[in-house]
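Engineer: The structure that follows is given in the form of structure tokens.
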There are 2 protein chains.
Amino acid sequence: MASESRTRRRGALLLAGTAACLGLAAFRAAGTDARPASPIYGVTVPEGYRDWRLIAPALEDAPLNEVRAVLGNDLAVKAYRDGALPFPDGAILVKLAWTQMRSSEFETATVPGPATTVQVMVKDAKRYPATGGWGFGRFIDGKPVDEAQHQTCFACHEARVKERDFVFTRYAR
Amino acid sequence: MASESRTRRRGALLLAGTAACLGLAAFRAAGTDARPASPIYGVTVPEGYRDWRLIAPALEDAPLNEVRAVLGNDLAVKAYRDGALPFPDGAILVKLAWTQMRSSEFETATVPGPATTVQVMVKDAKRYPATGGWGFGRFIDGKPVDEAQHQTCFACHEARVKERDFVFTRYAR
């Protein structure tokens, strides 16, 4: 019985492994990604971004009333530290935002409440030549917001921080 | 010549290695650290903390008017994610604080101005039995503030967040 059960278990594992392998092949063949991508840019929320290093925290006034943190991948952090603009291809910035919530334990402190948006900027000069080399994605609960909202990203970055490679956030030292 | 040069290089490396080793021994024997330590607790600003992962951003009202970010080492991040209290020995939290500065590029945004303090909590249950297992350090420009200020740390943490292992900051998801 024990041996039969082991054999069945091995068979099941083999089947599962094969299925996973085929799944991966399909994924690769399609060149797509299961994660939802932003309109216009096709930007996705990068995997593991929550473990990336801090560029800087920030606040946003009403009506959003958010507390935020911008994290960057290794390429982005290196560019910031080197003071090297423009950012290299592959640099990614992710802005996490939460509603401001008064701390219940410390009267003068405001802390993150529920998450609101995750916003992503991906540098790829060849892929995004019309928008300063940046692709944009704005996500709520992991899903991209509509195309109209994505049409506003670059215009604002271009109008205000073109000379800093279209990036608002500075590295907080 | 090439071989002679290699031999010399090897000799130099050996000497350098030995010197480094002796230096390390002296460092260990003295049980000290070149970095200035906090009064009462002997806590230092941990090396490389700026690369640690984000626990959460926060704000502090007047009179401090700060924007802050708490970073944690691997042990601290793991404990947060596992929801496991108390924090294990070796867990370290670092709170970075900056004065709030209105963004010059985006009217409704507030960003980090000059750095104010770096505050450190180190978990070591054996070393700090009288203060919930935590050692505290508060630093301005890398130098610890005075003993009187350090005497206030634990009383406040104990009065307000004893049931969360004396830690205010929650992990921002």
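The values are calculated or read from the model by the stated rules, or taken from the named source; none is laboratory data. Remember, predicted model here, so these are calculated numbers, not experimental data. Virtual Cβ from ideal backbone geometry, glycine too; neighbours counted across all protein chains shown.
Engineer: So which residues in the range A:46-94 are in a loop (DSSP other than H, G, I, E, B), crowded, with 18+ Cβ neighbours inside 10 Å, within 14 Å of another protein chain (Cβ to nearest Cβ) and of a type in the set (A, V, I, L, M, F, W, C), if there are any at all?
Structural biologist: Of everything in the range A:46-94, just one residue is in a loop (DSSP other than H, G, I, E, B), crowded, with 18+ Cβ neighbours inside 10 Å, within 14 Å of another protein chain (Cβ to nearest Cβ) and of a type in the set (A, V, I, L, M, F, W, C), namely A:TRP52.
Engineer: Looking at A:GLU147, A:GLU105, can you tell me which residue is surrounded by fewer than 19 Cβ atoms within 10 Å (Cβ to Cβ) and in contact with a Lys or Arg (Cβ under 6 Å, 6 or more places away or on another chain)?
Structural biologist: Residue meeting the stated conditions: A:GLU105.
Engineer: Which of the numbered conditions does A:CYS156 fail, given that it passes all the others? Conditions: (1) buried (at least 16 other Cβ atoms within 10 Å of the Cβ); (2) within 13 Å of chain B (Cβ to nearest Cβ); (3) part of a helix (DSSP H, G or I).
Structural biologist: (1)
Engineer: How many residues does the range A:116-153 contain that are of a type in the set (D, E, K, R) and outside any loop (DSSP other than H, G, I, E, B)?
Structural biologist: Quick first cut of the range A:116-153, residues of a type in the set (D, E, K, R) only: A:123-124, A:126-127, A:138, A:141, A:143, A:146-147.
Narrowing further to those that are outside any loop (DSSP other than H, G, I, E, B): A:123, A:138, A:143, A:147.
Counting residues in the range A:116-153 that are of a type in the set (D, E, K, R) and outside any loop (DSSP other than H, G, I, E, B) gives 4.
Engineer: Which pairs turn up if I take residues in the range B:122-142 that are outside the structural domain of B:VAL77 (by TED's automatic domain parsing) and under 11 Å from B:ALA37 (Cβ atoms) and look for partners that are of a type outside the set (Val, Ile, Thr) and outside any loop (DSSP other than H, G, I, E, B) with beta carbon separation below 8 Å, at least 6 apart in sequence or on another chain?
Structural biologist: Within 8 Å, no pair qualifies.
Engineer: Do you know which residues across the range B:159-173 are closer than 15 Å to B:LYS123 by Cβ and in a loop (DSSP other than H, G, I, E, B)? Even if it seems obvious, please write down each step before you answer.
Structural biologist: To start, the set of residues in the range B:159-173 that are closer than 15 Å to B:LYS123 by Cβ comprises B:161-162, B:164-169.
Scanning the range B:159-173 gives B:ASP165, B:PHE166, B:VAL167, B:PHE168, B:THR169.
Engineer: Now a separate question. Here is a list: A:ALA56, A:ALA84. Which entry is aliphatic (A, V, I, L, M) and modelled with pLDDT under 95?
Structural biologist: Just one listed residue meets the conditions, A:ALA84.
Engineer: Confirm whether B:ALA97 is small (Gly, Ala, Ser), part of a helix (DSSP H, G or I), in contact with a strand residue (DSSP E or B) (Cβ under 6 Å, 6 or more places away or on another chain) and more than 8 Å from chain A (Cβ to nearest Cβ).
Structural biologist: It is false that B:ALA97 is small (Gly, Ala, Ser), part of a helix (DSSP H, G or I), in contact with a strand residue (DSSP E or B) (Cβ under 6 Å, 6 or more places away or on another chain) and more than 8 Å from chain A (Cβ to nearest Cβ).
Engineer: Checking B:SER103 against (1) more than 30 Å from A:CYS156 (Cβ to Cβ); (2) at pLDDT 95 or above, only one condition comes out false. Which one?
Structural biologist: (1)
Engineer: Kindly evaluate B:SER104 against the criterion of being more than 8 Å from every other protein chain (Cβ to nearest Cβ), of a type in the set (S, T, N, Q) and closer than 26 Å to A:LYS78 by Cβ. Write out each step before concluding.
Structural biologist: Numbers: more than 8 Å from every other protein chain (Cβ to nearest Cβ): yes; of a type in the set (S, T, N, Q): yes; closer than 26 Å to A:LYS78 by Cβ: yes.
Considered against the rule, which asks whether it is more than 8 Å from every other protein chain (Cβ to nearest Cβ), of a type in the set (S, T, N, Q) and closer than 26 Å to A:LYS78 by Cβ, B:SER104 comes out as yes.
Engineer: Right, next: Condition first: among the acidic types (Asp, Glu), within 23 Å of B:GLN149 (Cβ to Cβ) and within 13 Å of the chain's Cα centre (by Cα). Now tell me which residues in the range B:48-90 satisfy that.
Structural biologist: To start, the set of residues in the range B:48-90 that are among the acidic types (Asp, Glu) comprises B:51, B:60-61, B:66, B:74, B:82, B:89.
Now restrict to residues that are within 23 Å of B:GLN149 (Cβ to Cβ): B:60-61, B:66.
Of everything in the range B:48-90, nothing turns out to be among the acidic types (Asp, Glu), within 23 Å of B:GLN149 (Cβ to Cβ) and within 13 Å of the chain's Cα centre (by Cα).
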